[in-house]
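> What follows is a structure written as structure tokens; I'll ask about it next.
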Amino acid sequence: MRKLLFVLLLLQGLYAGLQAQSLTHYYYNWYTYFGTAGINKHWSVPFDVQFRMRDGISTKGQIMMRGGLQYMPNKKTGYLVGYANIPTYSPALDAYQPEHRIFEQFIYKMEKPGVFNMTHRARLEQRWSGQKTRTGNNGDLKLTDWKYGNRARYFNRTLFPVKKEKQPTGFYVALQNELFMNLWGSEISDKFIDQNRFLVAPGYSVKPNLKVEVGYMNHYQQFASGDKAMNHIVHFSVIHEFML
């Protein structure tokens, strides 16, 4: 519990420091589905689909399609290799800019039954970000370049069950934070701190393998240009596990 309080205080300090900077504020809705298709006791295929829209569903945003192959030698640790396709809408171009990623990750889970369930995740990404420009007299849109970058991510997610008269209710509260760091030789951005996402989300276990959540995410971004943004996000999630 002391370690958990230390992590929360550290995240609060980071958040306060980010808030002190000059930021542009935006408002989004994220609609997310996280699935895990089990193959057997040790192997599975985690995947997710996300629609990240500004102003509800009225404005184009970002689409995330991601999946991988995961090996879990035991209930606490997991190793995964995956691929992601992330087209992101550019208002300046009125078009989607492509991005492809390959990533590797390690997961470690901690649990104190009836008190909390915590997941640590370390991820390394290799990113290829497409650059579209308008060329020629007609302003035709063409993919003219690809930029490459390495990025590291540390993710912590903790679930606290909600009880009534010391009995589980199916409800819980999720606290989650993920820090993104650009690494050596990145052509996408030379800023070490890329972004930070902090989420508070009440949830409900519909079934042991199916959860739904609606929460608030505070999403800080630092762009290659030096501009900074704070995105205020209503985050809708469905989390589903099943066997093939």
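> Please enumerate the residues belonging to the range 198-219 that are under 15 Å from Trp30 (Cα atoms) and either open to solvent by less than 30 Å² (accessible area, probe 1.4 Å) or in contact (Cβ under 8 Å) with a residue 24 or more places away in the chain (or both).
Matches in the range 198-219: Phe198, Leu199, Val200, Ala201, Val212, Glu213, Gly215, Met217, Asn218, His219.
> Scan the range 99-115 for residues that are open to solvent by 30 Å² or more (accessible area, probe 1.4 Å) and either closer than 30 Å to Gln167 by Cα or not charged (D, E, K, R) (or both) and jot them down.
His100, Ile102, Phe106, Tyr108, Lys109, Met110, Glu111, Lys112, Pro113, Gly114, Val115
Residue by residue, here is whether (1) out of contact with any Pro (no Cβ under 6 Å at 6 or more places or on another chain); (2) closer than 17 Å to Ile107 by Cα holds:
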{"position": "Lys41", "(1), (2)": "yes, yes"}
{"position": "Val45", "(1), (2)": "yes, yes"}
{"position": "Met53", "(1), (2)": "yes, no"}
{"position": "Gln62", "(1), (2)": "yes, no"}
{"position": "Met65", "(1), (2)": "yes, no"}
{"position": "Gly78", "(1), (2)": "yes, yes"}
{"position": "Ala84", "(1), (2)": "yes, no"}
{"position": "Pro87", "(1), (2)": "no, no"}
{"position": "Ala92", "(1), (2)": "yes, no"}
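> Give Met64, Met53 a once-over and let me know the one that is assigned to a strand (DSSP E or B), at pLDDT 95 or above and within 22 Å of Val200 (Cα to Cα).
Met64 is the lone residue from the list that is assigned to a strand (DSSP E or B), at pLDDT 95 or above and within 22 Å of Val200 (Cα to Cα).
> What's the total number of residues in the range 137-195 that are in contact (Cβ under 8 Å) with a residue 12 or more places away in the chain, among the polar types (S, T, N, Q) and either outside any strand (DSSP E or B) or surrounded by fewer than 14 Cβ atoms within 10 Å (Cβ to Cβ) (or both)?
The qualifying residues number 3.
The values are calculated or read from the model by the stated rules, or taken from the named source; none is laboratory data. Keep in mind that what you see is a predicted model, and the values were worked out from it rather than measured. Glycine gets a Cβ as well: all are built from the backbone with ideal geometry, and neighbour counts include every protein chain shown. When the accessible area is computed, the model is the full protein with side chains, heavy atoms only, and any ligands, DNA or RNA have been set aside. Shrake-Rupley method; radii C 1.70, N 1.55, O 1.52, S 1.80 Å.
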